[in-house]
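Chemist: Please read through the structure below; I'll follow up with questions.
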Amino acid sequence: MTDRQDDRKSCSPPDYQRWIALRDGRQALLRPILPSDKDAILVLFSRLSTETRYLRFQHAKQKIAEDELDGYCCVDYYDCFALVAEMLRSGRMEIVGVGRYIRLPRHDSAEVAFVVEDREQRNGIGTHLLRELARFAREKDVTTFVAELLNENVVMLDIMRKCDPHLIQVVDGSSLVVTLSLNDRKLK
């Protein structure tokens with residue numbers, strides 16, 4: 001069995017944790033999502049504003065179904081990979097953001113999405129999530145990220161543009177399909 005086949009068979013999260021500095025001087029911890037994060041993801045979802053939910057899910061999502069929650073938290077760390085951002089609040093770690101990619105049928109591309117709790121937005125968490133997801137994706141031979149955004153989701157578009165100023169944008173009605181190159185030089 002090759003190393004790549006071993007990677008695909010392995011459903012263990014990588015040994016990865018990274019503290020990041022936020023724009024306001026606080027810190028957040030990035031780490032792979034775990035099946036045990038289900039309750040924390042539900043709590044994060046409950047803290048998202050209606051607008052943030054709408055921009056992330058492209059409809060006014062009111063709750064996360066159990067099968068969706070399983071899909072969010074139970075990933076294979078190869079074709080589907082997710083990171084959470086946690087912050088210390090009131091003496092305990094709370095998830096404040098999550099980013100993920102899912103490999104597309106075109107093997108070298110993956111769909112990417114992320115969401116950050118409203119009160120932590122514009123503090124650098126989304127940018128860190130995108131860059132770290134790109135690093136993990138490149139290790140698994142993914143060369144491009146694709147995202148479908150609502151036209152009004154300018155915050156996510158700005159984050160993606162910061163990481164790849166030459167990204168490709170295709171308008172499709174009220175949404176925008178964005179393709180980013182995962183070139184090392186662009187995503188540092």
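The values are calculated or read from the model by the stated rules, or taken from the named source; none is laboratory data. Computed from a predicted model, the values in this text were never measured in an experiment. Neighbour counts run over all protein chains shown; Cβ positions are idealised from the backbone, glycine included. Quick note on the areas: whole protein, heavy atoms, side chains included, nothing else; ligands and nucleic acids left out. Shrake-Rupley method; radii C 1.70, N 1.55, O 1.52, S 1.80 Å.
Chemist: Got a number for carbon plus sulfur as a percent of the chain's accessible area, 1.4 Å probe?
Modeler: The computed percentage sits at 50.
Chemist: If you don't mind, another one. Heavy atoms only, 1.4 Å probe, whole protein assembly: order Asp37, Asp108 by accessible area, highest first.
Modeler: From most accessible down to least: Asp108, Asp37.
Chemist: Can I ask one more? Rounded, prolate or oblate: which fits the chain when a ≥ b ≥ c are the square roots of the eigenvalues of the alpha-carbon gyration tensor, with rounded for a/c under 1.5 and prolate only if a/b beats b/c?
Modeler: Taking the square roots of the gyration eigenvalues as a ≥ b ≥ c, the chain is rounded.
Chemist: While we're here: Mean-square fluctuation check for the chain, GNM, Cα pairs under 10 Å: which of Val142, Val75, Val171 is largest?
Modeler: In the Gaussian network model the winner is Val171.
Chemist: For the range 138-188, which GluC sites (Glu not before Pro) are in a loop by DSSP, counting at most 14 other Cβ atoms within 10 Å?
Modeler: Sparse-neighbourhood loop GluC sites (Glu not before Pro): Glu152.
Chemist: On to the next question. Using the Cα gyration tensor of the range 99-188, with a ≥ b ≥ c the square roots of its eigenvalues, what is the shape: rounded (a/c below 1.5), prolate (a/b larger than b/c) or oblate (neither)?
Modeler: Numbers: a/c = 1.59, a/b = 1.15, b/c = 1.39.
Verdict is oblate for the range 99-188.
Chemist: Here is a further query. Across the chain, how many lysine pairs separated by 8 or more positions, or lying on different chains, have Cα atoms within less than 24 Å?
Modeler: Within the chain, the lysine pair count is 9.
Chemist: Another question, then. Considering the chain as a Gaussian network with a 10 Å cut-off on Cα pairs, which listed residue, Arg100, Arg131, Arg18, attains the greatest mean-square fluctuation?
Modeler: Among Arg100, Arg131, Arg18, the largest GNM mean-square fluctuation belongs to Arg18.
Chemist: Same structure, new question: Heavy-atom accessible area of His107 with all protein chains present, probe 1.4 Å, nearest 10 Å²?
Modeler: Its accessible surface works out to 80 Å², give or take rounding.
Chemist: Most mobile of Val170, Val84, Val146 per a Gaussian network model of the chain (Cα springs, under 10 Å)?
Modeler: Ranking Val170, Val84, Val146 by mean-square fluctuation puts Val170 first.
Chemist: Once a ≥ b ≥ c are taken as the square roots of the eigenvalues of the Cα gyration tensor of the range 30-101, is the result rounded (a/c under 1.5), prolate (a/b larger than b/c) or oblate (a/b not larger than b/c)?
Modeler: Taking the square roots of the gyration eigenvalues as a ≥ b ≥ c, the range 30-101 is oblate.
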